[in-house]
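Q: I am attaching a structure below and will ask some questions about it afterwards.
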């Protein structure tokens with residue numbers, strides 16, 4: 001089977017966490033959308049169609065993928081899937097034996113169909129979503145199941161269900177080191193899976209009474225940690241005196257401490273100190289300083305609005321935390337407000353009060369003042385240092401991507417800075 005994943009016109013609705021990656025590489029459950037498809041379908045050849053500026057970095061990470069390659073589509077029938085679609089088991093089983101004239105829909109949005117080779121000649125622009133959807137609407141319409149993601153908080157809302165689904169689909173369970181009096185397991189053993197190379201220290205509690213717990217190889221769960229399901233701890237991640245509550249996914253190589261509830265950490269995130277993080281999505285290479293804490297519930301229990309790219313969007317949810325782009329750093333005692341959006345490569349230096357809810361990419365906060373961030377060259381040098389600490393390298397392609405994002409986010413940054421200065425002036429004048 002040949003598979004192509006594409007981003008449609010809603011990719012920007014997942015900024016800032018999708019600024020540096022395609023939407024189908026965002027985590028939910030154990031995997032990204034792309035990883036899940038490659039595991040659950042007999043895929044022999046695959047490609048992706050996404051924003052062109054992501055191509056070089058994506059090619060580095062996935063050398064076997066065809067990227068924005070229309071000529072590849074012309075070499076054989078290809079199952080085309082919308083990268084925002086989280087399928088369930090029924091939909092996946094259907095796709096293993098479906099009719100070629102069908103197109104699956106969630107509501108009014110086509111989410112899968114088969115593209116014939118001759119149709120590839122009709123794809124004439126890089127507006128992949130519009131092009132694929134135009135071809136999809138020539139098929140016989142059938143309603144399918146699953147969930148169509150619309151915003152980053154949807155990933156948080158769907159994560160508990162997806163954690164349980166992935167645990168069952170992988171046939172995990174009942175595999176963990178023999179507990180001793182200093183290592184407690186609560187709940188059914190078939191809801192717990194710990195890879196043999198993971199290290200579980202004394203005085204750890206693993207509680208699977210509310211959902212499955214999976215711990216990948218090389219993970220290290222240190223003393224005085226409580227892990228509650230449903231949750232997934234990625235390869236090589238470390239937990240130090242952590243209260244990890246249900247609905248949480250930790251990507252690979254995260255270092256976490258304190259209290260974490262219903263969060264997704266993309267990978268290589270450092271939150272090693274005390275502080276609360278709830279109902280939030282963090283990109284890669286984020287560093288949260290000691291006692292950094294976010295609010296995920298308003299005092300009046302009303303619906304939370306999130307300023308994605310500066311535009312406030314009503315989530316319709318009462319519990320929403322923060323969405324933080326790659327390479328952002330917070331200093332000690334940072335206080336993030338309910339429904340905060342923080343861009344890529346921000347520097348947050350608190351002043352003892354709640355921070356602004358909209359912090360654009362490449363800006364800084366100092367004692368409540370929003371300002372241009374550090375010079376780009378210093379930001380890049382900081383990124384190189386952070387990657388070297390994990391034996392990684394900031395490649396030329398990654399550097400080009402960050403430089404491009406600095407340009408791409410300039411208008412949002414300038415508008416936010418002007419708005420902040422206007423509000424500050426009004427405050428000074430008592431207006």
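The values are calculated or read from the model by the stated rules, or taken from the named source; none is laboratory data. Worth saying up front: this structure is predicted, and the values here are computed from it rather than measured. Every residue, glycine as well, gets a Cβ built from its backbone with ideal geometry; the counts of neighbours run over all protein chains shown.
Q: Within the range 57-76, take every residue that is in contact with a helix residue (DSSP H, G or I) (Cβ under 7 Å, 6 or more places away or on another chain) and surrounded by fewer than 16 Cβ atoms within 10 Å (Cβ to Cβ) and give me the one that is nearest to residue 30 (Cα to Cα).
A: Only one residue fits best here, namely 60.
Q: Check every one of the helices (runs of 4 or more DSSP H) wholly within the range 61-150 and list those with 1 or more residues that are free of Cβ contacts under 8 Å to residues at least 12 places away in the same chain.
A: 89-95, 128-136
Q: Out of everything in the range 296-314 that is out of contact with any strand residue (DSSP E or B) (no Cβ under 6 Å at 6 or more places or on another chain) and more than 30 Å from residue 385 (Cα to Cα), what residue ends up being surrounded by the most Cβ atoms within 10 Å (Cβ to Cβ)?
A: Here the answer is 304.
Q: Against the condition within 19 Å of the chain's Cα centre (by Cα) and not assigned by TED's automatic domain parsing to the domain that holds residue 19, how does residue 360 come out, does it pass?
A: Judged against the criteria, residue 360 is a match.
Q: Moving on. Whether any residue in the range 217-226 is touching a helix residue (DSSP H, G or I) at 6+ places or on another chain (Cβ under 7 Å), in the same structural domain as residue 164 (by TED's automatic domain parsing), closer than 21 Å to residue 162 by Cα and at pLDDT 95 or above is what I want to check.
A: no
Q: Would you check which residues across the range 363-393 are more than 25 Å from the chain's Cα centre (by Cα) and part of a loop (DSSP other than H, G, I, E, B) and list them?
A: 367, 368, 374, 375 - these are the residues of the range 363-393 that are more than 25 Å from the chain's Cα centre (by Cα) and part of a loop (DSSP other than H, G, I, E, B).
Q: Here's a follow-up. Can you confirm whether residue 173 is assigned to a loop (DSSP other than H, G, I, E, B), outside the structural domain of residue 319 (by TED's automatic domain parsing), surrounded by 15 or more Cβ atoms within 10 Å (Cβ to Cβ) and modelled with pLDDT under 95?
A: In short, yes.
Q: Turning to a different aspect of this structure: Just checking, how many residues over the range 328-361 are surrounded by fewer than 21 Cβ atoms within 10 Å (Cβ to Cβ) and in a loop (DSSP other than H, G, I, E, B)?
A: Qualifying residue count, the range 328-361: 9.
Q: Within the range 108-145, work out how many residues are in contact with a strand residue (DSSP E or B) (Cβ under 7 Å, 6 or more places away or on another chain), farther than 23 Å from residue 51 by Cα and surrounded by fewer than 17 Cβ atoms within 10 Å (Cβ to Cβ).
A: Total satisfying the criteria: 4.
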